[in-house]
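See below for the structure under consideration.
The values are calculated or read from the model by the stated rules, or taken from the named source; none is laboratory data. If you're wondering where the values come from, they're calculated on a predicted model, not measured in any experiment. Reconstructed Cβ throughout: ideal geometry from the backbone, glycine too, with neighbour counts over all protein chains shown.
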Amino acid sequence: MPLLDGKAESCRILIVENSADLRAGLGGELKKLGHEVTLVSERTAALERDDLAEFDLLVSDLIDEAPADGETVRSFKLAVTSQPARRAIPALHDIIERTLTYKLCCIDNAPDVKHVREKIDLELPNDLTLMNAVLEYLLGRVARLGMIEVEQSNLFVALDEAFVNAVKHGNRQNPEKLLRVTSELSQREAIFTVEDEGDGFNVAEIPDPTDPANLFKSTGRGVLLIYNIMDEVEYSERGNRLKMVKRPHAPAA
């Protein structure tokens with residue numbers, strides 16, 4: 001792969017989107033960064049490609065609408081698919097930021113969002129610098145849907161703590177591992193899931209940070225903040241997947 005400005009390797013990107021305008025628009029944005037972009041209109045055509053395994057990054061369904069119980073469902077998937085791409089963090093940072101910015105500005109501006117439910121799936125290398133763009137995007141979507149007052153909800157704190165815990169403590173800052181972030185947003189609630197590829201832990205064994213004996217220990221403070229901010233918090237049995245639910249008008253901690 002050639003170098004981009006002497007900093008990072010170029011990536012091969014596959015964009016799967018049935019809207020010709022959206023497909024071409026995002027493709028053009030990513031080509032400006034110096035990456036090799038392939039555009040496909042249908043999922044079946046993408047799956048049938050002989051070179052599918054050679055792509056470093058998959059961007060799928062920028063806007064895929066289908067009625068479900070009176071709601072319009074939108075899905076979006078961004079996934080890193082190769083080890084070389086995981087090592088090219090500077091290039092991925094620009095790709096992710098450009099992709100999410102394009103989606104937020106050019107696609108997510110629908111005026112009527114009362115009956116919209118969005119599902120966003122992200123699979124990214126274990127690097128906190130990539131999480132900044134993700135965090136800003138998710139908070140932007142919550143704010144535009146008008147369901148939660150982001151600044152008063154402390155949602156930023158909860159998501160940031162979840163990302164930091166997954167990257168540093170779950171995956172132990174191993175860049176070869178992935179972090180999976182899923183969000184499901186509607187007028188009723190915002191559901192966030194953060195999953196790492198680490199060994200997991202038992203949340204019951206975390207020292208109580210409110211105990212005077214642990215006053216100067218940072219362990220457990222992030223988890224306590226998440227529990228206080230979110231309306232529902234659930235860890236998987238293994239402890240490597242965290243599900244958080246925030247609802248409108250719930251009192252902030």
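Does residue 194 satisfy the condition of being in contact with a Lys or Arg (Cβ under 9 Å, 6 or more places away or on another chain), under 13 Å from residue 240 (Cα atoms) and either touching a residue at least 24 places away in the same chain (Cβ under 8 Å) or crowded, with 19+ Cβ neighbours inside 10 Å (or both)? So residue 194 passes the test.
Of the set (1) surrounded by fewer than 21 Cβ atoms within 10 Å (Cβ to Cβ); (2) not in a helix (DSSP H, G or I); (3) not acidic (Asp, Glu), all apply to residue 122 but (1). The test for being aliphatic (A, V, I, L, M), assigned to a loop (DSSP other than H, G, I, E, B) and at pLDDT below 90 holds for residue 110. If only residues of region 166-185 that are surrounded by 19 or more Cβ atoms within 10 Å (Cβ to Cβ) and of a type in the set (S, T, N, Q) are counted, the one that is farthest from residue 117 (Cα to Cα) is 171. Looking only at residues of region 221-232 that are of a type in the set (Val, Ile, Thr) and closer than 11 Å to residue 162 by Cα, we find that the one that is surrounded by the fewest Cβ atoms within 10 Å (Cβ to Cβ) is 223.
A single member of 218, 236 is closer than 22 Å to residue 189 by Cβ and either surrounded by fewer than 15 Cβ atoms within 10 Å (Cβ to Cβ) or modelled with pLDDT under 75 (or both), and it is 236. Of the residues making up region 150-174, just one is part of a loop (DSSP other than H, G, I, E, B) and touching a strand residue (DSSP E or B) at 6+ places or on another chain (Cβ under 6 Å), namely 171.
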